[in-house]
Amino acid sequence: MARLTHPFRTTEGESSALQKLRRRFDLFRELLDRNNQVLQIIGDMEEKAQGEYLFDLTYVRTILEQLRDAVHATVDLLIDLGGPEYQVLKDRANAIESQIALLLPGTHPVEPGPMVLPFSRIDSRDTFLVGSKNAQLGEMKRLGLNVPEGFAVTAYGYRCFLEENGLQQEIDALLEGLDIQNHDDLVAVCDRLKVIFEKSQVPGDLASGIRDQHDELLSRRGAGRVALRSSAIGEDSLFSFAGQYSSFLNVPPDQLLKRYRDILASKFSPRALFYLLSHSIGEQELAMSVGCIEMVDAMVSGVMYTRDPIDPDADTVLVHAIYGLGPYLVEGEVSPDVFKLCRERAGVVESTIRTKARRLVLDPEGGVKEEPVPEADRDVPCVDERTLQSLVDIAARLEDHYGHAQDIEWAVDRATGRVVVLQARPLRLLCDLPVSERVDLDGLKVLASGGTTVCPGAGGGPVAVIQSADQVGEIERGSVVVAPNPFPALAQVLDRASALVTEIGGSASHLASLAREKRVPTLVGIPKLLDRMVPGDVVTVDATGMSIYAGMQDELIQNRRPEYDLFEDTAIYDLLRRLLEIISPLNLVSPTEPDFRPDRCVTFHDITRFAHQRGIEEVFHLAREVGRQRDAGAMLDTVLPLPVHVLDLESVLPDGTQTWSKERDIPEGPFRSFWSGMLKEGWPGHLPNPNRFIPVSASHGGNLHSTQFTENSFAVIGRDYALVSLRLGFHFTSVEAMGCDEPEKNFVRLHYKGGGAAADRRQRRIRLLAELLSRMGFEHIVKSDFIDSVMTFRPREEILETLARLGRLTLMTKQLDMALSNDRVTGWYREDFAKRLGLASERVFPL
Amino acid sequence: MHTKRAGEIMIQLDHYPHIPYWFTIRQAIAEMETAEIDQDGRRSIPRVVLVFDEAYRLMGFVRRRDILRGLLPSFLQNSHSSLGGKEYDIKVDPNLSEVFSDEETDEIRELANTPISTVMNPIVHTADAEDHLLKVVREMVVNNYYMLPVQREGKIVGVVRSIDVLHEIAGLVL
C-alpha cells in the first residue's frame, strides 16, 4: 500500500475536494443550529397555546419574527449546501408567511368599498371591513336571532374621514418620537389629537351615507333613537381592546355625526393608545368601524356566559342581570342578580338576588339618566323564568353555531318583552389563581423532581418503562410511561399514557409537540429517572409542579387538570392557535415516502424537517465522494488490517506532516468511540495452517465480484462529528454521528447493507441487527437486506457509548450472514451478542 | 429404474449450516444445536458444519466429534491430539473424568471460544452434481465419509449425506 502525503492541515496542499467538504460541513453545523432554533420556537409557541401562560400580541409578533428569520436561515443554508434545486423551499416559506400575515391584525389594507353597510348585508366574514362586533350582529341576524336593526360605518369610511381631513400626517407627526412611558407626554398628545378630531369634518358623501341609512332605519322601525358603538377592526384578535373605545346610547339625530367623530377620536385616548403602541401595533393598523344600532329601551339588561368559567364542564349557563340599560352592569355600578342555569332542563340551579336600587334609563332629551328602582322591585329577581328559558335557548344556539363558549350581552325590550341580543363574542377569562397554591402537597412522598414541563397537568398510574420502539405495544392504558429520552416511537403510546416522563429532553422535540397536542402531562429532563422508577409501582406525575409522587394522588390530578377551556376561547389564544396550524404540524415524516419533497412542505415545521434531512444527506454524499478519493486524507495507522482514509474536517488531529494518522492521536469523540469498539472486538483471526486448507471453490451466494474486501473505507471526523464508511467483506456499513453537548442536536445513524450469503441469510442478519439496535434505542427502516437506523436526542456520553457498541457490532456481524442458516440460530446469535454488548435481554433464548 | 445423481439428492447449500473459519467452536455448536434439516419432509439435525473463508470459498468441515475434541480439557487429551494418535502414546485413563469440576467447566467454556479453524478438517473429496448415486456411495464407503460437498461448474452448491443416499438405495431394495 502506498504511503500517502497528509495534505489536509496545510492550505497549500489541501485538496480542493476536502476544502469544499469543510465548507459544507460548517454550513451543515449551522443548519443544525438553526433547525434546532426553529423547533425551540415552535415548542415555545405550542406551550403558550396550551393556555397555561399569559402572553400578548407583542410576544406573538416577536416570536414570529424570530421564527421567520430562523426558517429562512435554514433554507438559505440548505441552498448553499445543496444548490438551487432547494430554491422551491424559499417559495414555500414565503407562501406560509403570506398566510401568517393574513391572520395578524392590521395587516389587511383597507380597500375602497362601501362606506356604510346595513346589518342585513353583513356576516361574520366581514370582520376586516366592519369589525367583529358589527360582523357578529350581522351574523346573528342571519341566524334569525332577535338582534337590533342597524348598519355599520365601515373601515373604508374611517379611511375617507382621515384622508379628507389630512389627519394621518398630523397623527404621524404627533406620534413620532412619542415616549409612551411618559404619561404626561402621552396625555398631551392625546389631548391634541382629540382637538384635531373635533375640528375635523365628516366628508360629505360619508355624512350623507350615514344620515340616509339612519333615517331609513328610524322610519322603518318607527324608533326614535340609535346607539353608536365602536367596532374596531382586529378587536377580535386583540382581546384586551375590549371596552377601550367609546360607545353612545340614545343618540339624537342632530348628534349623529358628532358622536361618530367622538368614537373615532376614542382610538386616541391615552389608555387605548398606550395599549396599541406598547403591543407593537402600529396606529395605522387599527381602523375603526362604527355600528349604528336601533336603540333598545331595555327593561332589563344583562350578560350571559354560556359556560361557567370556573367550572366549564358543568354544563351550566351563567346569567347576570340588572334593571335598565346595560352600562351599569359592565361598569360595575350595580351588583347584578346572578342565575346559574342548567343547560339541559333550563331550571335555575342557583341564584343570588341582590338589592338593585338604581337603574339607567333613556333620557328623552338624548343620552341616558339614572333613576331609582321602585321599592317593590329592588329585592326580587329582575328576570322571570320565561326570559331565563329564552336566554338558555340563545346560549345553546350561539355556542352550537360558533363552536365555543360565548360571552353575550342582552336586554329585554320594554316594548315587546322579548330578549334582544346586543353582542356576542368568545368567552374570555383569565386564570384566577395558580392552581398549585390550592393543592396541599405536604406529606406526599417525592420520588423525583426537577426537569422541564413539556405539557402541564398531572397524571397517575403504574410505571411502565419503555426503552425502545419494540416495547411500544406492551404499554397498557393508564400507565405512567417512563423513557430514557423522547424518541419518536413514544408518540404511539400517547393515547394510552396517563403521563409521560423522560430522563432527557426539552420542549423542542417532535414528541413534545405531540404530547401537547394530545395533552398528556409530560415532564422531561429528570436525570437518573430510570434508576428511581420501579415498573408497576403506582406514581403520580405532576408535570405542572415538576415532581413525581408515590401513589395515586387523585386530588392533585384533579386540581392540575389543565384549564384549557378557560383560555382557549380568548382571541389571542385563538390567534396563536390559528398561527400554529400553519406553523407546527408535521406532514413530512419519513424520508422514504414519495411525498418527502420540498413542494409538499406546507408548514414551517415541514420545511425544517426537510432541510434537516437533506442537509444530512448532502454532507453525507459529499463526504463519501471525497472519502473515496485516495488523495483526500491520510491513512489511519491501525492494528486492524483495514485501510481507512481519515478526513479531518476541523483540524482535530495534531499538527504535523505525517502521512499516517495514528489511532492514539484521534481525540475523544464519535470516531474514537466507534473505533475503540472495533479494536475491542478485534479482527477475526487468521487461518492457522493455510497450506492444509486449500479452498475448494466459491459458493454460489452473494456478491462475489469483489476481490478487495476492504476497499473504499474512510472516516470523516470533526470535533463531535464522525462519518465512518466501511466496506467489510461483502457488506457495507456507514455510521454517522453527532455527539455534542446539546442532546437535541445529537444523532447516530447506521446504514448496513449487503452480504456474501444467500438472500435469506442476509435478511436474517439485518433482522438481528434491527432487534439489537431497537434495544439500544434506535428506530429503523428495513428493506430486504438494508437497514437505515437512527437514534436521536441523546446526551453525548450515551452517543459515544452507543458508537462503541456499534464498532463492536460491526465486527461481530462481519460475514455473520453466512452462519445464519435458520431463525433459531439467528435468535441464538442475537441473544449472545446482546449479552456481550451488555444489552437487556428480554427473552431467554431456548436452545 | 432411474437412479438419481448427486445434484438431485443433495441439500442446497442455503439450507445447510456453515460458518466462517474465524467463528468459534461455541458458535459452531449453536449452529448444530439450532439447525434442523428438512429433506422432503424427513427432518434431521446436521452432523457437520461447513467452514468457509472471507471470499466465500469452502475451506473445510467440522463434525460433532471434532467439536468435542476441541473442548476436551487438556489433561484428558492424549499427548498427540490429531486423529488416531501414535503407537507409543500414553493412554489417558478416562476415569479421570470423575474429577470433573468447576475448573474443568471453565476450561471447556474457554476452549469453546477458540476459532473453529483449529479443529476443522480440510476438504479432500467432493462430488459433482452429475455424479451417479453409486459413485457417491463408493466415495463415502472408501473414504469413510457421511457427507460430501457437491460442486456444479466449479462452485459448491450443496452437500449430499449418507442418510439421503441410503434413502435412495432403500427405494431400490425395499
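Could you tell me whether any residue of segment A:418-431 is at pLDDT below 80 and either in a strand (DSSP E or B) or not hydrophobic (A, V, I, L, M, F, W, C) (or both)? Give the derivation first.
Taking segment A:418-431 as the starting set, the residues that turn out to be at pLDDT below 80 are A:426-431.
Narrowing further to those that are either in a strand (DSSP E or B) or not hydrophobic (A, V, I, L, M, F, W, C) (or both): A:426, A:428.
The answer is yes, given that some residue of segment A:418-431 is at pLDDT below 80 and either in a strand (DSSP E or B) or not hydrophobic (A, V, I, L, M, F, W, C) (or both).
Among the residues examined, A:Gly82 qualifies as of a type in the set (Gly, Ala, Ser) and surrounded by 19 or more Cβ atoms within 10 Å (Cβ to Cβ). The number of residues in segment A:350-402 that are touching a residue at least 60 places away in the same chain (Cβ under 8 Å), more than 16 Å from A:Ile322 (Cα to Cα) and in contact with a Phe, Trp or Tyr (Cβ under 8 Å, 6 or more places away or on another chain) comes to 2. In segment B:155-166, the residues that are of a type in the set (Asp, Glu) form Cβ pairs under 9 Å with partners that are assigned to a helix (DSSP H, G or I), at six or more places apart or across chains, as follows: B:Asp164/B:Ile9. Looking only at residues in segment B:99-154 that are part of a loop (DSSP other than H, G, I, E, B), in contact (Cβ under 8 Å) with a residue 60 or more places away in the chain and away from every other protein chain (no Cβ under 14 Å), which one is farthest from the chain's Cα centre (by Cα)? In this case the residue turns out to be B:Glu130. I want to confirm something. Restricting to segment B:20-61 and keeping residues that are modelled with pLDDT of 90 or more and among the hydroxyl-bearing types (Ser, Thr, Tyr), which single residue is nearest to B:Thr105 (Cα to Cα)? Ranking the candidates gives B:Thr24 first.
Criterion applied to A:Ile79, A:Ile41, A:Ile63 was being more than 30 Å from A:Val454 (Cβ to Cβ) and free of Cβ contacts under 8 Å to residues at least 60 places away in the same chain, and the one residue passing it is A:Ile79. Scanning segment B:1-27 for residues that are touching a Pro at 6+ places or on another chain (Cβ under 9 Å) and either facing chain A (nearest Cβ under 9 Å) or acidic (Asp, Glu) (or both) turns up B:Leu13, B:Tyr16, B:Pro17, B:Pro20, B:Tyr21, B:Trp22, B:Phe23.
Return the residues of segment A:535-559 that are on the phi > 0 side of the Ramachandran plot and among the aliphatic types (A, V, I, L, M); say none if nothing qualifies. Show your work before the answer.
Kept after step one, since they are on the phi > 0 side of the Ramachandran plot, are these residues of segment A:535-559: A:536, A:546, A:551.
Once the filter is applied, which keeps residues that are on the phi > 0 side of the Ramachandran plot and among the aliphatic types (A, V, I, L, M), segment A:535-559 yields only A:Met546.
Just one of the numbered conditions (1) modelled with pLDDT of 85 or more; (2) in a loop (DSSP other than H, G, I, E, B); (3) farther than 30 Å from A:Leu588 by Cβ is not true of A:Pro527: (1).
Kindly indicate whether any position in segment A:695-713 is more than 12 Å from every other protein chain (Cβ to nearest Cβ), surrounded by 13 or more Cβ atoms within 10 Å (Cβ to Cβ) and modelled with pLDDT of 50 or more. If you could, list the steps in order and put the result at the bottom.
Quick first cut of segment A:695-713, residues more than 12 Å from every other protein chain (Cβ to nearest Cβ) only: A:711-713.
When the remaining residues are screened for being surrounded by 13 or more Cβ atoms within 10 Å (Cβ to Cβ), the result is A:712-713.
When the remaining residues are screened for being modelled with pLDDT of 50 or more, the result is A:712-713.
Taking every residue of segment A:695-713 in turn, at least one turns out to be more than 12 Å from every other protein chain (Cβ to nearest Cβ), surrounded by 13 or more Cβ atoms within 10 Å (Cβ to Cβ) and modelled with pLDDT of 50 or more.
Does A:Ser208 qualify as being hydroxyl-bearing (Ser, Thr, Tyr), modelled with pLDDT under 90 and part of a helix (DSSP H, G or I)?
On the way: hydroxyl-bearing (Ser, Thr, Tyr): yes; modelled with pLDDT under 90: no; part of a helix (DSSP H, G or I): yes.
No: the conditions fail for A:Ser208.
Checking B:Gln77, B:Gln12 one by one, the residue that is at pLDDT 85 or above and either of a type outside the set (Ser, Thr, Tyr) or surrounded by 11 or more Cβ atoms within 10 Å (Cβ to Cβ) (or both) is B:Gln12 and no other.
Based on what the data block shows, is A:Phe119 within 26 Å of A:Ile293 (Cβ to Cβ), more than 36 Å from the chain's Cα centre (by Cα) and buried (at least 23 other Cβ atoms within 10 Å of the Cβ)?
Working: within 26 Å of A:Ile293 (Cβ to Cβ): yes; more than 36 Å from the chain's Cα centre (by Cα): yes; buried (at least 23 other Cβ atoms within 10 Å of the Cβ): yes.
Against the criterion (within 26 Å of A:Ile293 (Cβ to Cβ), more than 36 Å from the chain's Cα centre (by Cα) and buried (at least 23 other Cβ atoms within 10 Å of the Cβ)), A:Phe119 qualifies.
For A:Thr792, only one of the following conditions fails: (1) away from chain B (no Cβ under 14 Å); (2) modelled with pLDDT under 90; (3) surrounded by fewer than 22 Cβ atoms within 10 Å (Cβ to Cβ). What is its number? Every condition holds for A:Thr792 apart from (3).
Every residue in segment A:367-376 that is surrounded by 13 or more Cβ atoms within 10 Å (Cβ to Cβ) and either at pLDDT below 90 or not in a strand (DSSP E or B) (or both), please. Result: A:Gly367, A:Val373. When segment B:48-63 is filtered for residues that are under 19 Å from A:Trp828 (Cα atoms) and either among the polar types (S, T, N, Q) or more than 10 Å from chain A (Cβ to nearest Cβ) (or both), only B:Val48 remains. Only one of these conditions is not met by B:Ala28: (1) assigned to a helix (DSSP H, G or I); (2) touching a residue at least 24 places away in the same chain (Cβ under 8 Å); (3) surrounded by fewer than 23 Cβ atoms within 10 Å (Cβ to Cβ). Which number is it? Tallying (1) assigned to a helix (DSSP H, G or I); (2) touching a residue at least 24 places away in the same chain (Cβ under 8 Å); (3) surrounded by fewer than 23 Cβ atoms within 10 Å (Cβ to Cβ), B:Ala28 fails exactly one: (3).
So that you can scan it fast, the table gives a plain yes or no per residue for (1) surrounded by fewer than 16 Cβ atoms within 10 Å (Cβ to Cβ); (2) touching a Lys or Arg at 6+ places or on another chain (Cβ under 8 Å); (3) charged (D, E, K, R):
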{"site": "A:Asp172", "(1), (2), (3)": "yes, no, yes"}
{"site": "A:Glu176", "(1), (2), (3)": "yes, no, yes"}
{"site": "A:Asp185", "(1), (2), (3)": "yes, no, yes"}
{"site": "A:Glu198", "(1), (2), (3)": "yes, yes, yes"}
{"site": "A:Pro203", "(1), (2), (3)": "no, no, no"}
{"site": "A:Ala207", "(1), (2), (3)": "no, no, no"}
{"site": "A:Ile210", "(1), (2), (3)": "no, no, no"}
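Taking the criterion of being part of a strand (DSSP E or B) and either within 14 Å of chain A (Cβ to nearest Cβ) or modelled with pLDDT under 90 (or both), the residues of segment B:155-174 that qualify are B:Lys155, B:Ile156, B:Val157, B:Gly158, B:Val159.
Within segment A:382-410, being assigned to a loop (DSSP other than H, G, I, E, B) and among the aliphatic types (A, V, I, L, M) holds for A:Val383, A:Ala405.
The values are calculated or read from the model by the stated rules, or taken from the named source; none is laboratory data. What you see is a predicted model; the values in this text were computed from it and never measured. Neighbour counts are summed over all protein chains in view; Cβ atoms, including those assigned to glycine, are modelled from backbone coordinates with ideal geometry.
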